[in-house]
């Protein structure tokens, strides 16, 4: 059939669209008000805003007492997410290739390990990790929490990378070797370029999970100098003295907008990975 | 043979090291910490020996006499005290006489010591008696000893002659650092609180899994299947939002929805219902929202997995079944669902694990409340070890609770590995160098 | 049951695939929809079985207007190119599926499945799953499933395309046998002219969404209405030579070949024409001598096929009983039967 697959003419899609719209309403409402409330005032007991204001955004130019500067926090978050991405891409692109293609002893064992770990609920290890970081003095430092977060996300990254490499035809590598290149060169010059889009998707995914991570920085690096946006926002919300949803939401929007932008532009790439790395 | 092997080991080394350091070691350490009573009080490095009031209380059951004795001050006429006395510039006769007559004597109470001092030939004043007796006070109460032997030597000097067994008891009672113990597991298996938390967890995981991570995910996948591709992608994008939104913001949205000045309250007040905090007013409501909050996130993975599984069913099977006379429900029941068995199993396994372990959302929304109504296992472990109201963080007990999850996690993921037959995924390298 | 397509049109978005098509299939007849891929034959079939709805026009089964009826209520049986067997069901469940969704009683289903399985000779395979069957067996299961609820209409979408050559031959006669035995009205969609000619009572040949000609296989072969039809039917295919009209005869480009034809009597000189000669009408018998050089020779076992290049570069194809005296490069002078040659106008219409 030349035409794209489309819903069968035998079933009307109207009822399912109506049903799903109804179910999606609360979600849409929450996200709509997330944006509306940051730039408006709503009288008590009403749902409709009556006044435009930028008051809630004052956190951008006024540092709150007892809280770190928002730009420092943003920078921390950016460093945190970028470093995680860099570590995961570097380490996983190498390890994934080994698991997919190279003759190493106990390759099957590695692969089983990676697979178990990628399903393994790593948050349960946080208590031990907390104590370890205290021992080795990396508690309350960005580097410590970056290493931990990267290590925890690594098995999934390796698993996905292995899947990407599996799709590269062997012939390319065979040709490269016959042409006299070493296995390393073959990997670097011939194989890696083949999976560039997939690597980009994994990079985006890692960046987003790093950007969103809450519990690890909260437990392992809560200090003001190393605070990230999630911890900052959580500490705002938990502070009962300054309860103001408008400000919370403004910080929230400030925090979520980069995520949404990346999501809108790269939705297709990301969908595959959010599906759980199930290609295998 | 050598090149690919060396290269392989070199390339996999960073991953191995990181996974070893931050994955395998924590697993082992969790098990180790679970066997201790580490807490804020004991510290995480070694401890010392100190006869605190609490230690005395502990001793009272086994060695009541000793406990009473230890708690009392002890007075010993020793060289150390005499030297200090000499520097005090009182009458020199005091020190000389004490050294000559009473050296090495031990008095079990201040009264006895002071009676001896009062009887000195140079007749000290009442104030001086007090001053002198203080110099010979050799109580071990609240003194810190770096080693066990030091404590024992001091006790001996004070006239407590202890058998080795008694020494063991005293040492155990006075040690301030952490010790090896299996108490954590006894607490876990016998405490009614733990039983409640266990029940909460089972309830939370099974209900969320059934209703949302699988049930609602199937609903989303099926409904979007019966739409134009473009419409379907809009809905999929909406339902993926909870997953991509950072958890702190996502929970904030729910708080806004359920807060006493939030959306539901305001909305219901139009109909005359007084505003209240819908998230935390009753345990029933708290569970309702905890499950929704987690379920909305969980549904997206299933949705994507099931959608792509449905997409993998050849179009002609849908055509054929329609021509064969199947209604929409019959098509779902007989054609689609039977072919989603493996994806459903996969999502169930995967999500059981992540639901068991994730406590982000509950921590940020109800904090396990109201009361401990929505406290689940992983959150309880976190509360016990890393964040609780009393301030005494019980690392050991928390680690033991986490260890339960670790063991469950390992077992489930091994089952998962068996079901999904990883061995079929390894193909032999085609280049044999 | 008669099938009637009345001014049937179908478009997807802005692309019109079929416009104002009229087609009637007589009751008990087997009709082939033949054409190259993209000609709209599958679209027609999908509209008949109800998976797609016509953009305009009507579809009638007998006197019943089924235009807007869902597939479920049309009572059609379809055999898809990939068979579309349900992989998670046994053969028995597959065949019984149409009855099961109608909530027929289980013993009744069992009886009917057994009967139809015997008819298509797969009664020994009922417990298997589709993946355990050969292509031909899967084909039979698909046929049984299409036939079990005694459909008014049987639709076959490229049913032989996924079979190897030997099986294709076997299933060709098998499908025809079943269609005859059940007396069902059938439409066969195919791009293979051999299939269409050997299996069907009539052929409707389609091009770009239109039916070019409907006729019995032999009528269509011997009397094609356009050069497209002539070129589509016949294997090895017909060869065409470009030329012009001159005094009631066809003259090739450089004038070497001149074929007087009755059909050209009223045609003015220098009208561009195309001459079509089937390979069997060029060789040892005929009335017009043609000189050329053998550029290609191929044996097909019983017959040999030759390509003969004329001096102007155009090529005539010849099929003859096996002979060993000719090889590529040889000059030959062979005969062309002018009474069997077709002459087409520039727009492809036969004159």
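At a glance:
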quantity: Mean residue ellipticity (222 nm) of chain B, computed from DSSP H runs ≥ 4 via -39,500 (n - 2.57), nearest 500; calculated: -19000 deg cm²/dmol
quantity: Over chain B, relative contact order from alpha-carbon pairs under 8 Å, at least 6 apart, %; calculated: 22 percent
quantity: Chain C: angle of helix C:106-119 to the longest principal axis, Cα-based, in degrees nearest 10; calculated: 20 degrees
quantity: With 10 Å bins from 0: P(r) over the protein assembly as shown, alpha-carbon pairs, percent; calculated: 2, 8, 12, 14, 13, 13, 12, 8, 6, 4, 2, 2, 2, 1, 1, 0, 0
quantity: On Cα atoms only, tilt of B:2-19 relative to the major axis of chain B in degrees; calculated: 60 degrees
quantity: Sorted by Cβ neighbour density within 10 Å, fewest at the top, the residues C:49, C:39; calculated: C:39, C:49
quantity: Zero-based 5 Å bins, Cα pair distances in the stretch B:305-433, whole percents; calculated: 2, 9, 12, 12, 11, 10, 10, 10, 9, 7, 5, 2, 1, 0
quantity: Neighbouring partner chain Cβ atoms per residue of A:250-258, average, 10 Å criterion; calculated: 3
quantity: Gaussian network model of chain C, springs between alpha carbon atoms under 10 Å - residue of C:158, C:24, C:210 with greatest fluctuation; calculated: C:24
quantity: Residue mean of other protein chain beta carbons inside 10 Å, C:85-91; calculated: 4
quantity: Expected-Rg normalisation [2.2 N^0.38 Å, Cα atoms] applied to chain A; calculated: 1.25
quantity: Prolate/oblate/rounded label for the stretch C:239-345 (Cα gyration tensor, a/c 1.5); calculated: prolate
quantity: Mean Cβ neighbour count within 10 Å, used as a protection proxy, ranking C:87-98, C:263-274 highest first; calculated: C:87-98, C:263-274
quantity: P(r) of chain B over all Cα-Cα pairs, binned every 10 Å from zero, in whole percent; calculated: 4, 14, 17, 16, 14, 11, 9, 7, 5, 3, 1, 0, 0
quantity: Pairwise FRET efficiency - residue B:168 versus residue B:190, Cβ, R0 = 22 Å, nearest 0.05; calculated: 0.25
quantity: Stokes-Einstein translational diffusion, chain C - Kirkwood Rh over all Cα pairs, 0.890 mPa s, 25 °C, in µm²/s; calculated: 108 µm²/s
quantity: Test item: A:206-218 mean partner chain Cβ contacts at 10 Å; calculated: 3
quantity: Antiparallel %, DSSP beta bridges [both residues in the protein assembly as shown], to 5; calculated: 80 percent
quantity: Beta bridge orientation in the stretch C:149-256: antiparallel %, DSSP, nearest 5; calculated: 65 percent
quantity: Chain C: relative contact order in percent, alpha carbon pairs under 8 Å with at least 6 residues between; calculated: 15 percent
quantity: Pairwise centroid distance, computed over Cα atoms, of the stretch C:1-39 with the stretch C:231-261, Å; calculated: 33 Å
quantity: By average C-beta atoms within 10 angstrom, highest first, the peptides C:191-198, B:104-111; calculated: C:191-198, B:104-111
quantity: Global geometry of the stretch C:166-322, whether rounded, prolate or oblate, following the gyration tensor of its Cα atoms and the 1.5 cut on a/c; calculated: oblate
quantity: Computed [θ] at 222 nm, helices only, for chain A once each DSSP H run of length n ≥ 4 contributes -39500 (n - 2.57); calculated: -21000 deg cm²/dmol
quantity: Normalised per residue, the volume of the convex hull around the Cα set of the stretch B:104-171 (Å³); calculated: 99 Å³
quantity: Cα centroid separation - the stretch B:166-221 against the stretch C:280-310, whole Å; calculated: 91 Å
quantity: Equivalent ellipsoid dimensions for the stretch B:49-174 as semi-axes, Å, which come from the Cα gyration tensor, largest first; calculated: 31, 14, 12
quantity: Residue-averaged [θ]222 nm for chain C, counting only DSSP H segments that reach four residues, each worth -39500 (n - 2.57); calculated: -7000 deg cm²/dmol
quantity: Distance in nm between pseudo-label sites at residue B:41 and residue A:29 (7 Å out along the Cβ direction from Cα); calculated: 4.9 nm
quantity: From the C-alpha gyration tensor of the stretch C:10-134, square roots of 5λ in Å; calculated: 32, 17, 14
quantity: Sequence of B:175, A:232, B:350 once ranked by neighbouring C-beta atoms within 10 Å, starting from the fewest; calculated: B:175, B:350, A:232
quantity: For chain B, built as a Gaussian network whose Cα springs stay under 10 Å, the top-fluctuating residue of B:80, B:394, B:361; calculated: B:80
quantity: Cα centroid separation, the stretch B:50-98 to the stretch A:212-262 (Å); calculated: 56 Å
quantity: Estimated inter-spin distance, residue C:235 and residue A:79, nm [label 7 Å along Cα→Cβ]; calculated: 7.3 nm
quantity: Approximate spin-label separation residue B:115-residue C:88, in nm, with each point projected 7 Å along Cα-to-Cβ; calculated: 9.5 nm
quantity: Solvent-free Debye scattering, log10 I(q)/I(0), computed from the Cα coordinates of the stretch C:15-80 at q = 0.14 Å⁻¹; calculated: -0.42
quantity: Chain A: angle of helix A:70-101 to the longest principal axis, Cα-based, in degrees nearest 10; calculated: 20 degrees
quantity: Residue of B:420, B:33, B:185 that the Gaussian network model of chain B assigns the largest fluctuation, springs spanning Cα pairs under 10 Å; calculated: B:420
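Only the coordinates and a few stated rules stand behind these numbers; no lab work does. The shown structure was predicted, so the numbers you read here are calculated from the model rather than taken from an experiment. Every residue, glycine as well, gets a Cβ built from its backbone with ideal geometry; the counts of neighbours run over all protein chains shown.
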